[in-house]
Amino acid sequence: MTTKRSAIIEIHRHDLYIHTMNDKRRLRSLDLNLLVVFEAVYRERHVTRAAEKLGMSQPAMSNALQRLRSTLGDELLVKSPAGMEPTERAVELAVPIQGILAELEDLLANRRFDPATAKGTITIAAVDYFNVILLPPLMQVLSDQAPGVSLRITPTNGRSYELLDVSEADLALASFGDVPVRFQKDVLRNEGYACVLRRDHPALLSNGLTPKRYAELRHILHSPGKDTRGSTDQALAVLGKQRHVALTVSSFIHAESILTVTDMILTAPRSVAARLAENPALTTIPCPVAVDANVQQLEMLSHTRLGKRPLVAWVRQVLLEIAAVDPQ
C-alpha cells in the first residue's frame, strides 16, 4: 500500500514538474509588449483605436493580438456589434496585467520624482464639487510646480470602481462609504449644506426659513445622473414634507444665473454655496433641514495596485493638502 501511494506521489510530482516547466517556457516566450497590446485593446474595446493609442498600424496590432491569443490559448477579445468583448479569461487577466504594467513603469521610472520635469496625463473621475472647489487650486499647483502634467476630468456616473479597475481613471472623488479592499480611501472634506438664493428673495423677509416654508419654494436640484431626488428630499421625507423640484442641473455653475433672476433656491455644500454667492446678486443662508452627514463627505479613491505611479501618488498628495485647507 505504501509503495502504491509513493508511486502516486511521484506521478503527481512529475506532472507538477512538467506543468512548471511548461509555464516557464511560456513565460520566456512571452513578449512583454504583448501585455501592452492586451491592455490597450481591453481598455479601448476597439483594435484600430488601440493601435492609434500605441502608435501602431492596425495590421500590426491585429498580428500582436493574434500572437497573444496563441501564447495564452484563449481568444481573449472577440468581435461583437458593441466592439471587442473580453472573454472570461481576459477579464481574469485584466487587473493583474494592468498591475504588472503599472509596477514595471514605476520600476523603470526615475525613483526620485520631480514634478517640475514630469510629463504625463492624470485622469480624475469626480463629482461636480471637485470641479467647482478643488480643481481651480489643483490647476494652480500644477501650473506652478508641474507644467508638463495634463489633467483629464470625467464624471463618475456611478462607475468609480469600474473606472479605476480598468485604468480609465487614476483617482475617483465622490462619497463612497465602505469600499472593497482593492482601493485606498482618503477623506478629503466633510461639510454641511447651505442654501443659495437672491439677495432680495421674498423668503428672506420672514424671520428665518422654516422646513415648511423651505419645502414650499421652487427648488433647483443638482444631479449629474438620472436621480430626481437628492439627500435633502430624504431629510424632508422624515419630516413628512416634500419639495417641488422645478429644475434639475448637472453642474452647480448652471444654477448661478438662474438664481439671480428667479425666486428659486439651491441647496449645496457650504463651500459651493459660498462660491456661488460671490455673485453680488446672491446670498446664502443655513439649510433648515438636517442632511445625513455621510452624504456630505467627499472621499478620494485610488487603486492599491494600479495607482502606484509616482505622478499619481504626487497628485493624490497635492489634493490631500489642498483639501486640508479650511474652506470657510
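The values are calculated or read from the model by the stated rules, or taken from the named source; none is laboratory data. Predicted model only: the values in this text are computed from it and were never measured. Please note: Cβ atoms are built from the backbone with ideal geometry, for glycine as well, and neighbour counts cover all protein chains shown.
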### Summary
Across region 86-112, the tally of residues that are under 14 Å from P310 (Cα atoms), of a type in the set (A, V, I, L, M, F, W, C) and either modelled with pLDDT under 70 or touching a helix residue (DSSP H, G or I) at 6+ places or on another chain (Cβ under 7 Å) (or both) stands at 4
### Task
Among the residues of region 223-242, write down those that are over 10 Å from V291 (Cβ atoms) and in contact with a Ser or Thr (Cβ under 7 Å, 6 or more places away or on another chain).
S223, P224, T228
### Message
Of the residues R152, R189, R213, only one is surrounded by fewer than 19 Cβ atoms within 10 Å (Cβ to Cβ), touching a helix residue (DSSP H, G or I) at 6+ places or on another chain (Cβ under 8 Å) and not in a loop (DSSP other than H, G, I, E, B); which?
### Response
R213
### Query
Residues E256, E278: which one is assigned to a loop (DSSP other than H, G, I, E, B) and more than 14 Å from L204 (Cα to Cα)?
E278
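Closer than 21 Å to I220 by Cβ, among the hydrophobic types (A, V, I, L, M, F, W, C) and either in the same structural domain as G240 (by TED's automatic domain parsing) or surrounded by fewer than 19 Cβ atoms within 10 Å (Cβ to Cβ) (or both), is that true of V261?
Criteria met by V261.
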### Query
within 25 Å of R305 (Cβ to Cβ), touching a Leu at 6+ places or on another chain (Cβ under 8 Å) and at pLDDT 85 or above, is that true of T71?
no
### Message
With farther than 27 Å from K119 by Cβ and either β-branched (V, I, T) or not assigned by TED's automatic domain parsing to the domain that holds E278 (or both) as the only criterion, which of A246, A174, A215, A235 stands out?
### Response
A174
### Query
Does region 32-52 hold any residues that are surrounded by 16 or more Cβ atoms within 10 Å (Cβ to Cβ) and either within 16 Å of L101 (Cβ to Cβ) or polar (S, T, N, Q) (or both), and which are they?
L34, L35, V36, V37, F38, E39, A40, V41, Y42, R43, E44, A50
### Message
Take the conditions closer than 30 Å to S143 by Cβ, among the hydrophobic types (A, V, I, L, M, F, W, C) and either free of Cβ contacts under 8 Å to residues at least 40 places away in the same chain or in the same structural domain as V318 (by TED's automatic domain parsing) (or both) and apply them to L54. Does it pass?
### Response
yes
### Query
Any chance region 76-85 includes a residue that's modelled with pLDDT of 90 or more and assigned to a loop (DSSP other than H, G, I, E, B)?
no
### Query
(1) modelled with pLDDT of 95 or more; (2) part of a loop (DSSP other than H, G, I, E, B): which one isn't true of L266, the others all being true?
(2)
### Query
Of all residues in region 216-232, which are surrounded by fewer than 19 Cβ atoms within 10 Å (Cβ to Cβ) and out of contact with any Asp or Glu (no Cβ under 8 Å at 6 or more places or on another chain)?
E216, S223, G225, K226, D227, T228, R229
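Which ones in region 140-161 are of a type in the set (G, A, S) and at pLDDT 90 or above?
S143, A146, G148, S150, S160
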### Query
Which residue pairs have Cβ atoms closer than 8 Å, lie 6 or more positions apart in sequence or on different chains, and pair a first residue in region 141-169 that is more than 15 Å from G99 (Cα to Cα) with a second residue that is of a type in the set (S, T, N, Q) and exposed (fewer than 14 other Cβ atoms within 10 Å of the Cβ)?
G148/T117; V149/T121; S150/T121; L151/T121; R152/T121
## Note on the structure
Note on F176: of the conditions (1) more than 30 Å from L93 (Cα to Cα); (2) in a loop (DSSP other than H, G, I, E, B); (3) touching a strand residue (DSSP E or B) at 6+ places or on another chain (Cβ under 8 Å), unmet is (1)
